[in-house]
1. Test Arg104 against the stated conditions and say whether it is modelled with pLDDT of 90 or more, surrounded by 10 or more Cβ atoms within 10 Å (Cβ to Cβ) and more than 26 Å from the chain's Cα centre (by Cα).
2. Could you tell me whether any residue of region 85-96 is closer than 30 Å to Thr32 by Cα, assigned to a helix (DSSP H, G or I), of a type in the set (Ser, Thr, Tyr) and touching a helix residue (DSSP H, G or I) at 6+ places or on another chain (Cβ under 7 Å)?
3. Do we find that Arg113 is in contact with a helix residue (DSSP H, G or I) (Cβ under 9 Å, 6 or more places away or on another chain) and either within 30 Å of Ala57 (Cα to Cα) or β-branched (Val, Ile, Thr) (or both) in this structure?
4. Just to be sure before I move on: is Asp73 at pLDDT 95 or above and more than 19 Å from Ala54 (Cβ to Cβ) in the structure I sent?
5. Looking only at region 54-75, filter to residues that are small (Gly, Ala, Ser) and closer than 17 Å to Glu40 by Cα; which one of those is surrounded by the fewest Cβ atoms within 10 Å (Cβ to Cβ)?
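The values are calculated or read from the model by the stated rules, or taken from the named source; none is laboratory data. Predicted model, so just to flag it, every value in this text is computed and none were measured. Positions of Cβ are backbone-derived with ideal geometry, glycine not excepted, and every protein chain shown enters the neighbour counts.
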Amino acid sequence: MIKFPHLTPNLAIAALLAATMIPTGAHAGEQTRAEAAIAEAKGKIDAGDKVGAADQAPDLQRQAREALMSAQDLLSHHQKTQAIAAAHHASDLADQAITSANARKTQAERDRRNDLRNSAASAQQSAASAEVRANNAEQATTQANMRANSAEQATANANMRADTAQQSSDAAQADALRQAHAPVTTSVAVTEHDAVVRTKAPVHHPRRRPARHHAHPAHAKTTTTVITTSHR
């Protein structure tokens, strides 16, 4: 019990009231600080939920929520100092959760942009490869058409040669048939030449003196006929 031996009764009562009010004011300040710390921690946890801390940093967000509940429980049991410490710990965990969530979101956005760039580059590469394949296919088609045209021309030339050979064969057969049925041709060569025929002179029996008369040669024409026969 607090005693004031040197004070009048009225002053003693006033001093006693002042002494009893000092602890009450200190306890009231701790209550306020505890409530403010708890409110601050709750606000940070709510902010973390809004930025996706529950998904990006679930462990830190859960620990912050548990620390907040502990601070509230301590305050309800008038353990204000412990409640303030628990609330501050909850705030720290909530800050860490928000920082981790933002870092993960930033990294996720960076990864997304990298994926988009890689996808765009891959799409461009695929388009270039497809264009090369299309050009190769077009070139192959052109070459195939050229080979087909060459083969068609070769076939046409072969057909023309075959037709020419057939026509020659038909003409040869027709000529052979005409020669087989042609009449036999006989040529006659006539040669004329002169031949001298000597004749004896007639004998005259003269009465006076015999005389010898010379006979004159007589000219005769001889004809030689040569017959040539050709057989088919």
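1. Working: modelled with pLDDT of 90 or more: yes; surrounded by 10 or more Cβ atoms within 10 Å (Cβ to Cβ): yes; more than 26 Å from the chain's Cα centre (by Cα): yes.
For Arg104, the condition - modelled with pLDDT of 90 or more, surrounded by 10 or more Cβ atoms within 10 Å (Cβ to Cβ) and more than 26 Å from the chain's Cα centre (by Cα) - is met.
2. Initially, region 85-96 is screened for residues closer than 30 Å to Thr32 by Cα, giving 85-96.
Restricting the remaining residues to those that are assigned to a helix (DSSP H, G or I) gives 85-96.
Then keep just the ones that are of a type in the set (Ser, Thr, Tyr); that gives 91.
Going one step further and asking which of them are touching a helix residue (DSSP H, G or I) at 6+ places or on another chain (Cβ under 7 Å), we end up with 91.
Yes; the residues of region 85-96 include at least one that is closer than 30 Å to Thr32 by Cα, assigned to a helix (DSSP H, G or I), of a type in the set (Ser, Thr, Tyr) and touching a helix residue (DSSP H, G or I) at 6+ places or on another chain (Cβ under 7 Å).
3. Values: in contact with a helix residue (DSSP H, G or I) (Cβ under 9 Å, 6 or more places away or on another chain): no; either within 30 Å of Ala57 (Cα to Cα) or β-branched (Val, Ile, Thr) (or both): yes.
Criteria not met by Arg113.
4. So Asp73 fits the description; yes.
5. Only one residue fits best here, namely Ser70.
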